[in-house]
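The values are calculated or read from the model by the stated rules, or taken from the named source; none is laboratory data. In this text, all values refer to a predicted model and were calculated from it rather than measured experimentally. Note: ideal-geometry Cβ built from the backbone for every residue, glycine included; neighbour counts use all protein chains shown.
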Amino acid sequence: MTNKWRKALALMLALAMAASMAACGSFDGGSASTTAAAEAETEAAAEEAGETEEGEEPAEEATEGEEAAAADVDPNTKAADYYTADSIDMESWSAEVEALYDENLGQFSDMIADAVASENVSERFAKLALAEANMLEQALMVPTTSQGGNYALSAVVPYSVSPQLWGNDAYRLSSVMVCTDLIKGEDIEALRAYWREHHGDGTYRDYARQYLTDKGYEFKDTYNKAFDTFPQTFDAMNTYRQADTEALVNTFDGLLRYDSENELKPALAESYDVSEDGCVYTFHLRQGVKWVDSQGREIGEMKADDFVAGLQHVLDAQGGLEYLVGDAAAGIVNADDYVAGTVTDFNEVGIKAVDDYTLEFTLTNPRHYFVTLLGYSVIMPMSRSYYESQGGKFGAEYNPEDPAYTYGSDQDHIAYIGPYLITNATAENTIVFQANPTYYDAENVEVKTITWLYNDGSDSLKQYNDIKSKTIDGGGLNAEAVESAKSDGLFDDYSYVSSTDATSYMGFFNLDRYGYSNFNDNSVGISDHTVESADRARAAIQNLHFRRAFIAAFDRGAYNAQSVGEELKDTSLINTYVPGNFVRLEEDVTIDGTTYAAGTYYGDIIQQQLDKDGVQVKVWDAENQTSAGFDGWYNPEYAASELEIAIEELAAEGIEVSAENPIIVERCYYSGSDPNTNAANAMKQSIETVTEGKIKVNLIAIEDMMEYYNAGYYPDYGYEFNADITLMSGWGPDYGDPLTYLSTMDAYGDASMMRSLGLN
């Protein structure tokens, strides 16, 4: 076992009961009515996340061990009765996970380490692109869509909320501008055009207000929107889930904040300085900023020590965000060692309250993206006095199981320092935000009441009907809603195509499946697999060429059309994990004899490497400088050739694959949603047709939305994922560097998405 793997697995064990997807990790319900709702807020962010054994054991040996274990079992036994969480030998599972990771992602991980060691930023970007090319070639996951790219109706002014691609600022709603009526599509396009030309000069908001006023629109101070997942916790520093963070981000502020013109502006810090070596950041805080409770009663004044308390709580709680503080991202001195327990005195961690209004961070080495992290929930203040009043403790004394510990249990057990107070939070019903009168920037809070209304997606026309009746102020239209809008005469005048963002939804193969029913309720999502068909599927999915064949046979356009309609089926399709135009080189870089010129986009480097390696996938459109908006993976001829290789290799393992004896790949789908059901069937039809029935997709219906997420989004452990392939998780960037995505697949990084592969 390599030291790197041992350290990563040790960290996984330390975090065992904490889920490992960061707050920007997203879920994809497969419906435009779900994924596009946030377009109403912002153009660029519309809404769809005992290993101590020495020695390496090859994946093949692990597979043979599994077959041997099953040898005494009738092959027709239901897999759900044989493979259970209670039956897992953790030592054996650890060896399987290690071997599978090393086989499939070991080289990728080494390439990430090499890239991160680069002192030159352009060289770093190029090496990260090459690492992603290596990962994509392994076909462990298939890119599906970003957020947005569908028809929408909205009363919300475009770009009135930050369109920043990374962090949480796109979900901060204090600046949202809402009209009393829907805004016409032509007016939305006119405002978009002005923003593109003028953003950054400080004129957009005044222009938009005057433009719409001149057109006869009126503004209101309320905003209603749909939501589909209730927060699991109200402790913003102890959650990795987007569904939690999206709500809670409106209750606090960061040191800096991106505004609606995408400019990084002072928030709780008025200014900051950076040391000559780039390792020490000193922030000068606003004075007089007040903490209040959910009733608006003053608790105390914000001090620099509250940021120290906040960071220590992040590291104590280990809720899945702590990797962003350590070497994998922010690089704060001794943060990782504090989590690992090798440093026990928090005073040795690189954060210090110099005085009441001066905060200092010390980094292990310069991080060019450090300030892009400052709107994120890992570097936020927490009222130390209030936290302690709720039974909260720090360091070795931290114990969330203590009956006296109530912090974050609901909206009434947190302290507020942001623009809104949560005055009502009723599960699967309503969340209400009221403007915080003590907020330091209260005069610039546009809407005074924000109401979130629950929509479980079971009625495919509910969101559209709620928009039409003014129950909510905007959202995306699925294919059925588009037809209704046309019939009602709203489509031509008021529809527009929502912008896409930097979220990457992916389909993940489960390389080491053990879950054959939902982890929280064994009566839900029960697999049709027998032990024999489950073992065949596992062996096939562990075969590189089988995975490539499966992905190349997947018509993602037809799949997406079920949610957004045929006309827009390609608009939101993505082809890479990191958007290809996320960064580009600022200077010439030469790596292994190949020179990439200054100005070369990240996606272009990936494409060059894929072409060099003979992998028949298109991920970069050079003419339009994008990796999105087309299907570069669907290739029936390539699918046939890769499947032929897979069949030969599986035959050598004693596994016959034919139309008469196909490999059965299972996925769960939310049967309460017509678009989700139709999308699942489109996927099934595409793959079975292209592979001539040699691969069969078995669809397991789950009627309840939350149980659907429990099959492949909420599980804390990879062995709890109930599918051979899942298509409900995604990732949005936490900071302005490609590592924010790639680290999720790196055992030495945050490793968040590895559980979607069944690997942690």
Quiz prompt | Hits in region 113-134 - residues which are surrounded by 24 or more Cβ atoms within 10 Å (Cβ to Cβ) and either within 30 Å of Tyr171 (Cα to Cα) or outside the structural domain of Ile551 (by TED's automatic domain parsing) (or both) | solution = Phe125, Leu128, Ala129, Glu132
Practice problem: Please verify whether region 623-636 includes one or more residues that are within 30 Å of Ala485 (Cβ to Cβ) and of a type in the set (Asp, Glu). | Solution: yes
Quiz item: If you scan region 89-112, which residues turn out to be surrounded by fewer than 18 Cβ atoms within 10 Å (Cβ to Cβ) and among the hydrophobic types (A, V, I, L, M, F, W, C)?
Solution: Met90
Quiz prompt | Residue within region 555-569 that is out of contact with any Lys or Arg (no Cβ under 7 Å at 6 or more places or on another chain), on the phi > 0 side of the Ramachandran plot and modelled with pLDDT under 95 present | solution = yes
Practice problem: Scan region 642-654 for residues that are assigned to a loop (DSSP other than H, G, I, E, B) and either on the phi > 0 side of the Ramachandran plot or surrounded by 17 or more Cβ atoms within 10 Å (Cβ to Cβ) (or both) and jot them down. | Solution: Gly654
Quiz item: Looking at Val447, Val432, which is the one that is of a type in the set (A, V, I, L, M, F, W, C) and either in a strand (DSSP E or B) or within 24 Å of the chain's Cα centre (by Cα) (or both)?
Solution: Val432
Quiz prompt | Every residue from region 225-237 that is surrounded by fewer than 23 Cβ atoms within 10 Å (Cβ to Cβ) and either in a strand (DSSP E or B) or polar (S, T, N, Q) (or both) | solution = Phe227, Thr229, Gln232, Thr233
Quiz item: Can you name every residue in region 612-659 that is of a type in the set (A, V, I, L, M) and farther than 30 Å from Phe582 by Cβ?
Solution: Ala640, Leu643, Ile645, Ala646, Ile647, Leu650, Ala651, Ala652, Ile655, Val657, Ala659
Exercise. Would you point out the residue of region 605-627, among those that are hydrophobic (A, V, I, L, M, F, W, C) and in a helix (DSSP H, G or I), that is nearest to His545 (Cα to Cα)?
Key: Leu610
Quiz item: What number of residues in region 433-463 are within 30 Å of Asn678 (Cα to Cα) and of a type in the set (A, V, I, L, M, F, W, C)?
Solution: 3
Practice problem: Name every residue in region 462-478 that is assigned to a loop (DSSP other than H, G, I, E, B) and either buried (at least 17 other Cβ atoms within 10 Å of the Cβ) or touching a strand residue (DSSP E or B) at 6+ places or on another chain (Cβ under 6 Å) (or both), in order of residue number. | Solution: Ile472, Asp473, Leu477, Asn478
Exercise. State the number of residues belonging to region 479-516 that are in a helix (DSSP H, G or I) and among the aliphatic types (A, V, I, L, M).
Key: 4
Quiz item: Got at least one residue in region 282-291 being within 21 Å of Thr372 (Cβ to Cβ), assigned to a loop (DSSP other than H, G, I, E, B) and modelled with pLDDT under 95?
Solution: no
Practice problem: Spot the failing condition for Val524; the list is (1) out of contact with any strand residue (DSSP E or B) (no Cβ under 6 Å at 6 or more places or on another chain); (2) in a loop (DSSP other than H, G, I, E, B), and only one is missed. | Solution: (1)
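Scan the helices (runs of 4 or more DSSP H) fully inside region 57-176 and keep the ones with 3 or more residues being over 24 Å from Leu573 (Cα atoms) and either at pLDDT 90 or above or in contact with a Ser or Thr (Cβ under 7 Å, 6 or more places away or on another chain) (or both). Can you show your working first?
Details: elements: 59-70, 79-82, 90-116, 121-137.
Result: 79-82, 90-116, 121-137.
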Quiz item: Among the residues of region 396-407, is any part of a loop (DSSP other than H, G, I, E, B), among the hydroxyl-bearing types (Ser, Thr, Tyr), at pLDDT below 95 and under 26 Å from the mean Cα position of the chain (by Cα)?
Solution: no
Self-check item: Only listed residue being of a type in the set (A, V, I, L, M), crowded, with 24+ Cβ neighbours inside 10 Å and either part of a strand (DSSP E or B) or outside the structural domain of Thr677 (by TED's automatic domain parsing) (or both), chosen from Met753, Met728
Solution: Met728
